[in-house]
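Asker: Next up is a structure, given as structure tokens.
The values are calculated or read from the model by the stated rules, or taken from the named source; none is laboratory data. Keep in mind it's a predicted model, so treat the numbers as computed, not measured. Cβ: placed from backbone, ideal geometry, glycine included. Neighbour counts: every protein chain shown. Remember, those area values only see protein heavy atoms, side chains included, never the ligands or the DNA or RNA. Shrake-Rupley method; radii C 1.70, N 1.55, O 1.52, S 1.80 Å.
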Amino acid sequence: MTDHGNWEHTNILHVARDADDQLESKVESAKKKLYAAREKRIRPGRDEKVLTDWNGLMLRAFAEAASCFDRADYRAIAEANADFILQTLWDGTRLLHSYKDGRARFNGYLDDYANMMDGLFALYQLTFDYKWLDAAIRISDRMIEQFWDDKNGGFYFTASDHERLLTRTKDFFDNATPSGNSVAADVLLRMAAVLDRQDYRKKAEDVFLATAGLLKQYASGFGRMLSGFDFFIGPSKEVALAGSPDLFLPILRKRYLPRIVVAAGGDDRITLLRDRRTLDGKPAAYLCENFTCRQPVTDTASLEQLLGTR
């Protein structure tokens, strides 16, 4: 501290230099005394609810981090999280919003459905395990059934079987967390690009139409919505990997490619993978746009050239 201060003639406490051994010893001694005194007080309450929507956000983050950094521990966390949510907060027909002390309750909101779809699809893009995509499809179909506004487009925040409120609101703005409509539109587009679900694509398009006026007035309030819209106007592409995907994944995961979705695993339930075969026993990559594919390639250099990343 000084007489003239360090900010507008006042002092903001800060460490101006490295502490010597004597000061370090005093600080450590003081800390122990402070901790001992604090332990005599009642600890502040802690919110221990497990929220479905926030876990969906976390699920996508861990899935993408596992993909980018090749972290098996991140992948394990993502898969364990998805298993937990699907086993405790999804009964096959609806999502619940909150879990605490062994009890799941409260009807799920739009954000719960949209963020879980988002996380599960990201987990499929990481693992190419169909069960995660299948769960995302079932949650998506339920979301459309329960939240969609057939008259004006867009998704309501509450489901049609929710307790009766004065009004059913819709939220489009992306604030500290993205809106359910933004996430839903983005993920529905990406799932449509893998599954050839034109109903998904049409729902996303209708969300953009419902938001168009607001986007013109205040574009900076719609970060996630604009990401989805960018994928919509494209050109967006699909990559189908036949055979083991390991050869091509470093190429697809070492750069940020927001307009590309990837399918692999050889499951014919995924439209993008149908009739996509290996070449002479070698893994092959198919680059497609609206399910029209170029000639497959079997080496990474050719894939990079197709992607325009070389």
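Asker: How would you order 24-36, 277-289 from highest to lowest mean count of nearby Cβ atoms within 10 Å?
Answerer: 277-289, 24-36
Asker: Indicate, rounded to the nearest 5 percent, the antiparallel portion of the DSSP beta bridges found entirely in segment 207-298.
Answerer: Given both bridge residues lie in segment 207-298, the antiparallel proportion sits at roughly 65 percent.
Asker: Moving to a separate point now. With a 1.4 Å probe and all protein chains kept in place, how do 111, 129, 21 rank by accessible area, largest first?
Answerer: Sorted descending by solvent-accessible area, the residues read 21, 129, 111.
Asker: If the label point is 7 Å along Cα→Cβ of residue 145, which residues in segment 162-199 have backbone nitrogen under 17 Å from it?
Answerer: Label zone hits: 162, 199.
Asker: Shifting gears a bit: Identify, among 183, 11, 93, the residue whose Cα sits farthest towards the positive end of the charge dipole of the chain, taking +1 on the Cβ of Lys and Arg and -1 on the Cβ of Asp and Glu, with the dipole about the Cα centre.
Answerer: Value: 11.
Asker: What ranking, highest mean first, results for peptides 11-20, 70-79 when packing means the other Cβ atoms within 10 Å averaged over each residue? If you can, show how the numbers build up before the last one.
Answerer: Details: 11-20: 8.2, 70-79: 15.9.
Top to bottom by mean Cβ count within 10 Å: 70-79, 11-20.
Asker: Report, to the nearest whole %, how much of the accessible area of the chain belongs to carbon and sulfur atoms, 1.4 Å probe, protein only.
Answerer: Carbon with sulfur: 50 percent of the solvent-accessible area.
Asker: Based on the mean of other beta carbon atoms within 10 Å per residue, what is the order of 232-244, 211-223, most packed first?
Answerer: Ranking the peptides 232-244, 211-223 by packing returns 232-244, 211-223.
Asker: What is the angle, in °, between the Cα long axis of helix 198-217 and the longest principal axis of the Cα atoms in the chain? Nearest 10 is fine, range 0 to 90.
Answerer: Approximately 50 degrees, to the nearest ten.
Asker: Set Lys and Arg Cβ to +1 and Asp and Glu Cβ to -1, take the dipole of segment 18-120 about its Cα centre, and tell me which of 104, 120, 81 lies farthest positive.
Answerer: The listed residue farthest towards the positive side: 104.
Asker: On to the next question. Just grab the label-to-label distance for residue 107 and residue 138, each label 7 Å out from Cα along the Cβ direction, in nm (one decimal).
Answerer: Those two pseudo-labels are separated by 2.1 nm.
Asker: Moving to a separate point now. Calculate the length of the line joining the C-alpha centroid of segment 146-169 to that of segment 227-255, in whole Å.
Answerer: Here the two parts' Cα centres lie 34 Å apart.
Asker: Where in segment 253-279 does the label zone of residue 294 land, with the point 7 angstrom along Cα→C-beta and an amide N cut-off under 15 Å?
Answerer: 260-261
Asker: Sort by residue number and name the cysteines in the chain that have no neighbouring cysteine Cβ under 4.7 Å.
Answerer: Unpaired cysteines in the chain: 68.
Asker: So which of 49/254; 216/237; 49/131; 131/254 end up more than 32 Å apart, counting from Cα to Cα? Walk me through the intermediate numbers first.
Answerer: Values: 49/254 36 Å; 216/237 27 Å; 49/131 26 Å; 131/254 25 Å.
Pairs exceeding the cut-off: 49/254.
Asker: At a Förster radius of 45 Å, what calculated FRET efficiency corresponds to the Cβ-Cβ distance of residue 71 and residue 28, to the nearest 0.05?
Answerer: Once rounded, the FRET efficiency stands at 0.85.
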